[in-house]
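The values are calculated or read from the model by the stated rules, or taken from the named source; none is laboratory data. From a predicted model like this one, the values you see are computed outputs, not experimental measurements. For neighbour counting, all protein chains shown are included, and Cβ atoms are generated from backbone atoms with ideal geometry for every residue, glycine included.
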Amino acid sequence: MGMTAAEKNRNGIREWVFQRATNFLVILYGVVMLCFFLSADGFSYDTLSLLFSKTWFVLYTLITLACACLNSVLAGWQIATDYGRKFNISESALTSVGVIVSAGYFVFGLMILF
């Protein structure tokens, strides 16, 4: 099968921007948690319960979790296309492993969050 015109014109800018935006979300998430713990009574179950009782933080956690999982799928695909050919391993199999691990990570995160 040949590549479509849209596939030929892809240069990776969208993926690069998505990865950088996701990295920003994750770093900001860490900064928010760090600031909260520094301003609260320290790191304890009660402090975490207070933080996760806020709807905005649960939504932000959910968005960050989803973006981090999608980012890992994208990174897995990039690694699979680079090293799958080099070591003669199926790119589809490597990408599938990345998707399965990321989906498990997402489901586990949802179980903890809700």
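Odds and ends about this structure:
- The number of residues in segment 78-96 being hydrophobic (A, V, I, L, M, F, W, C) and surrounded by 12 or more Cβ atoms within 10 Å (Cβ to Cβ) comes to 4.
- In the set T81, T47, T55, only one residue is touching an Asp or Glu at 6+ places or on another chain (Cβ under 7 Å) and under 30 Å from F36 (Cα atoms); that residue is T47.
- Candidates in segment 60-77 are the residues that are out of contact with any Ser or Thr (no Cβ under 7 Å at 6 or more places or on another chain) and farther than 21 Å from I13 by Cβ; of these, the one that is surrounded by the most Cβ atoms within 10 Å (Cβ to Cβ) is L65.
- Some residue of segment 23-40 being farther than 23 Å from F114 by Cα, at pLDDT 90 or above and either not charged (D, E, K, R) or not in a helix (DSSP H, G or I) (or both): yes
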